[in-house]
1. Which of the aspartates and glutamates could a cross-linker span from A:LYS120 if the Cα-Cα distance has to be under 19 Å and same-chain partners fewer than 8 positions apart are dropped?
2. Only bridges whose two residues both fall in the protein assembly as shown count here: according to DSSP, what percent of them are antiparallel, nearest 5?
3. Using per-residue counts of other Cβ atoms within 10 Å, averaged over each peptide, order B:155-167, A:121-133 from highest down.
4. Can you give me the pair-distance distribution of chain A, C-alpha pairs, 10 Å bins, whole percents?
5. Give me the accessible area of B:HIS84, 1.4 Å probe, in Å² rounded to the nearest 10.
6. Need one value for A:86-98: mean number of C-beta atoms belonging to other chains within 10 Å of its residues' C-beta atoms.
7. Report, in debye and to the nearest 20, how large the dipole of the protein assembly as shown comes out about its Cα centre when Lys and Arg carry +1 and Asp and Glu carry -1 on their Cβ.
8. Rounded to two decimals, what ratio of Rg to Rh does the protein assembly as shown give with C-alpha atoms and a Kirkwood Rh?
Amino acid sequence: MKNKSDIILETKSLRKEFSGFVAVSGVNLKVRRGSIHAIIGPNGAGKTTLFNLLTKVHQPTDGTIEFNGRDITGLSSPEIARLGIVRSFQISAIFPELTVLENVRIALQCRRGDSFDFWKPKKTLFRMNDEARGYLESVGLDDSLNSMAGDLPYGRRRALEIATTLAMEPELLLLDEPTAGMGTEDIDRTADLIQRCAKDRTIIMVEHNLGVVARLADTISVQVRGQVVAEGNYETVSADPLVKEAYLGAAHA
Amino acid sequence: MNETKTNVQSNIPVLDRWNLEIIGIVLVVLFFLVAPFFIYPVFLMKAMSYAILGMSVNLLLGYVGLLSFGHAAFFGLSAYMFGHFAKEMDFGVALSMLIAVSGGTLLGVLFAMIAVRRIEFYFAMITLALAQLVYFFCVQAEFTGGDDGLQGIPRGEILGFSLLENSHLYGFVLLMFLFCLLFVFRIINSPFGEMLKAIRENPERVTSLGCSPRTYKFIAFVLSAFLASIGGALKALVFQIAALPDVHWLMSGDGVLMALVGGIGTLIGPIVGALFIVWAQDGLAEIGMSVVVMQGLLFMATVLLFRKGIVGELGRLKKYFR
Ligand SMILES: Nc1ncnc2c1ncn2[C@@H]1O[C@H](COP(=O)(O)OP(=O)(O)OP(=O)(O)O)[C@@H](O)[C@H]1O
Ligand SMILES: [Mg+2]
């Protein structure tokens, strides 16, 4: 895999309609390898839908997606994940009745590939414990390994979800509003974590907290009513009149 | 809170789910060893074969989140096949049971191929519809004996033990029952079972982590049909009869009810549920109250009042032991 191009992910005229309603339209995204690419935009702009297209929760109505130069538009959700594109969800996606440790172990099991070993004892999973604990340490959850995930407070659930996502060792990480609903302290901790994660992988994140965006993002795409209306670094984007009108204007009104 | 800095293995709470399950198994074994001295053994054997049906429904409902309303098909077909091969073909208990359980399991493969693709709501409907097809097939087919069913299925012997001897029969049913119980225990405590629980909790998340829930559901369904088939064959062996009620949708309903009443997602819940329901059915038959009405009431009470079922509600007490 030498000569990997500088662009890890590229979408061409990506479009999604829900029975006539256009949620994503004409999105040409180029994400540079190793960067943190933020997507911002008002509610209902189609940011989550864009993630859903990239991870094949939905099939695009039109357009293509290329990952490392390979067309992945036709692949299924699990195939995308196994290729190295793993996401977190806007509404924390955890397994509430499994323990914190078991949550992360599920990702490790998935990474190992499908296995239908219903005759093996659970003990065979214990050798994954140390690795799972490593990921939990990185998000500061190693003090509640055996808590039920559903008993965690909100901010820590998000942290667990990120740990689970990281356990897949994704090449490209998609984070849908990782700091939503967190207090300032957790926000800072999560931002630090994202920065650390970005060292050896690429991250696309949808984020409403502009402070976090300003601090982390190398590139920002502004999505409004399905379309990307502006792109660039924080200074460029925040100076753009279209953005001021459609997004910042609305937010500050 | 002081459990934080120890290592993972020793860090597991003393009364976690796994330990409770072991305790449950031991209690169940003790109960069924001692009970025949006090309770009519046929009642216990009926409860055991029903409990196997309950466990099979619960494996799907409690651990994968799939509600099947079609398990009577496996239970009933297996009962019929066992009856047919033991009575008409004289194949003996062991071989007839092997064929019957294989037949029920294969039917499970067929059901799974059709039903597993559907989302939850349709899943219940599709399994019900498929099971009704099987029911009508059994009404029409010659070998089922129509309304009379297959009566007087011979008990014969197994491994040199004559099953005409009541204690031998009881021992055999108990062994098969224990096999099923341990089988379920193994499944739900395996790496595969861990994935099943994850799928139950959040299938979208599992998909986004690179596994496809469908294959897991498929295998779980077939394993469940396998169990239900064992239950059906045992029931035919004990009562020496296989008849239309065994494939009727009410039997599927009984399976669901046993899981619900006992506690879905608990290992021994369906066993407690089966004992309770078989007891209630026999008791009500004596006082002449409609079984269906009782079951309807029971169903509502469980859903409205104690959603976790008998064992589930008891399980809540465990925090007082910590
Ligand atoms: N499965 C769906 N079916 C129909 N419409 C949908 C579906 N998913 C999203 N939409 C619509 O598409 C539009 C974009 O939604 P999306 O969730 O992508 O917005 P978003 O940018 O993530 O917003 P937010 O900031 O609130 O998360 C919304 O109007 C939404 O109602
Ligand atoms: Mg969104």
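The values are calculated or read from the model by the stated rules, or taken from the named source; none is laboratory data. The structure presented is a predicted model; accordingly, all values stated were derived computationally and were not measured. Every residue, glycine as well, gets a Cβ built from its backbone with ideal geometry; the counts of neighbours run over all protein chains shown. Please note that ligands, DNA and RNA were not included when accessible areas were found on the heavy atoms of the full protein model with its side chains. Shrake-Rupley method; radii C 1.70, N 1.55, O 1.52, S 1.80 Å.
1. Counting by Cα, and skipping residues close in sequence, A:LYS120 has these aspartates and glutamates nearby: A:GLU102, B:GLU21, B:GLU194.
2. Values: 24 of 40 bridges.
Among the beta bridges of the protein assembly as shown, antiparallel pairing accounts for roughly 60 percent.
3. A:121-133, B:155-167
4. Binned Cα distances yield the sequence 7, 30, 35, 21, 6, 1, 0.
5. The value for B:HIS84 is about 40 Å².
6. Numbers: counts 3, 3, 2, 4, 0, 0, 2, 7, 4, 9, 2, 6, 6.
Mean partner shielding for this stretch: 4.
7. 760
8. Details: Rg = 28.0 Å, Rh = 26.3 Å.
Result: Rg/Rh = 1.06.
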